[in-house]
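Take a look at the structure set out below.
Read-outs: derived from the displayed coordinates by stated rules, not from any lab. Source: prediction; values computed, not measured. Backbone-built Cβ (ideal geometry, glycine too); neighbour counts: all protein chains shown.
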Amino acid sequence: MSGGLLFLVDDDETLRHVLARELAGFGYEVRAFASADGVVAAVLERGPDALLVDLRMPGMDGLELLRALREADADTQVVLLTGHGAVPEAVEAMRRGAHDFLTKPVRLEVLEQVLRRAVERRRLVLENRRLRDALAGGAERPLLGRSPAMAALGAAIERVARSHAAVLVQGENGTGKELVARRLHQLSPRATGPFVAVNCGAIPTGLVEAELFGHERGAFTGAERKRSGLFEAADGGTLFLDEIGELPLTVQPALLRALQFGEIRPVGAERSRRVDVRLISATNRRLLEGVERGEFREDLYYRVAALTLDVPPLRERGADVELLARAFLERARVAHGRAIEFDPQALERLSAHAWRGNVRELENAVERLVVMCDGPRIDAAAVERHVLQVSRAAGPLPTLELAQLERLAIAAALERHGGDKRAAAATLGIALRTLYNKLG
């Protein structure tokens, strides 16, 4: 795995050397310290994903270092190494904010598991903070557009947001369905509650139920501790299920019950739990077709589609291409620290393009232009070379039956990526499980 950045603080030179070598073998970038001196400053400068700290050291010990990190408001997870006689002190450290503690000698497989959980927790905390900041300061990625299609969508969002009913957001890949869901949440009475998003196609089939509803300790192999699901995480707010059409049939009855009665039952639990969640779903295909094929329950469809919103493709949004291109350019300018502008002819070429990948394709194209262009301006020749030629290389869309078109697109993607199914699925904008299903 790619573990991230880890600080190791231990005064035992031999142990420090051995642990640094083993942790590097786990995929971590390791920075070792012989004492706590200078660690707080280094943490504030580098922002490690986790610290592995000896509890008892000369000078500032592990408990004092933990206190100093919390006073400095450092964003990190601390795992303490203790001797057998120091367990009470380690428990006290956990009360003060340590992630976990391990007694020496520590088994490497246990150390790896604890550190992995610490890193995952820090990344989750940072992501939640980012989302809270986005909600507090307005939409981080606003819905931009002055076209009639976007004006109609904006008006519909304002009406639908006030309702407590479930909403189904429909649109092609790359049109901004999650942005619509976030805007619905921000304008709703639940705006101060959590917004929790998940892509149904990205969850392994056997773990979907546990991910949504949680599980009890020992409910299945690998369930080492009780864990809340996404419904409980979204309690009092909004749960966004992207690509809900990928939800396995076996899980759909439980989702239907959660929507009908406001109750969930974690895997392995004996009793149900009440939750107060508004569901917003999204799909890039017509779910009713899935109902007709027996892939999606009809009764669930009418629950998730109490209200529907259709997000227009970029080709139906006229002058919005220029508006979006300028917004993406500004974002890229800040990210890359570059002063760069569009020539008018470049914007004309971008506006005339079909944008089969919609807003996502346009954003990626602008990023590519900023990276590839050396001068202070992006001209029409650069758009032709770095955007239009790349698009043509993907090939035109043939006029065929949908099933034939799907087969051709899948075959082309697999050939382009040398048979790599994961890369092909990413290019096609579908879940890996969907690609396997279509391949039969």
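Some observations on this one:
- Once the Cα-Cα distance is subtracted from the 0.36 nm per residue extended length, the residue 385 to residue 67 segment shows a gain of 108.9 nm.
- Relative contact order of region 193-233: 36 percent, from C-alpha pairs under 8 Å at least 6 residues apart in sequence.
- Rounded to the nearest 10 degrees, the angle from helix 402-416 to the longest Cα principal axis of the chain is 50 degrees.
- Each of 185, 353, 164 was scored by other Cβ atoms within 10 Å of its Cβ. Listed from fewest to most, they are 164, 353, 185.
- Most fluctuating residue given options 110, 169, 277, as computed from a GNM of the chain linking Cα atoms under 10 Å: 110
- Rounded to 10°, Cα long-axis angle of helix 108-136 versus longest principal axis of the chain: 50
- Mean separation of Cα contacts under 8 Å, 6 or more apart, over the residue count of the chain: relative contact order %: 12
- Selected from 282, 319, 234 as most flexible by GNM, with the chain as the system and alpha-carbon contacts under 10 Å: 319
- Sorted fewest first by neighbouring Cβ atoms within 10 angstrom, 11, 420 come out as 420, 11.
- Crossing angle, helix 320-336 versus the chain [Cα axis fit, 0-90 degrees, rounded to tens]: 20
- Couplings for region 201-217, taken from phi via the Karplus curve 6.51 cos²θ - 1.76 cosθ + 1.60 with θ = phi - 60°, read x, 8, 8, x, 3, x, 10, 4, 4, 5, 5, 6, 10, x, 8, 8, 4 Hz in order; Gly and Pro are left as x.
- Cα-derived Rg over Rh, computed across region 269-373 with Rh taken as Kirkwood radius: 1.19
- The order of 49, 299, 374, going from fewest to most other C-beta atoms within 10 Å of their C-beta, is 374, 299, 49.
- Its DSSP H runs of at least 4 residues, each contributing -39,500 (n - 2.57), put the calculated 222 nm mean residue ellipticity of the chain at -14000 deg cm²/dmol, to the nearest 500.
- Size of region 141-310 from its Cα atoms: along the principal axes, largest to smallest, the extents are 54, 39, 26 Å.
- Potential extension, residue 162-residue 271 segment - 0.36 nm per residue separation minus Cα distance: 36.0 nm
- Rounded to whole numbers, the Karplus 3J(HN,Hα) couplings from phi for region 155-166 are 5, 5, 4, 5, 5, 5, 4, 6, 7, 9, 6, 5 Hz, using 6.51 cos²θ - 1.76 cosθ + 1.60 with θ = phi - 60°, and x at Gly and Pro.
- As a ratio to 2.2 N^0.38 Å, the alpha-carbon radius of gyration for the chain is 1.14.
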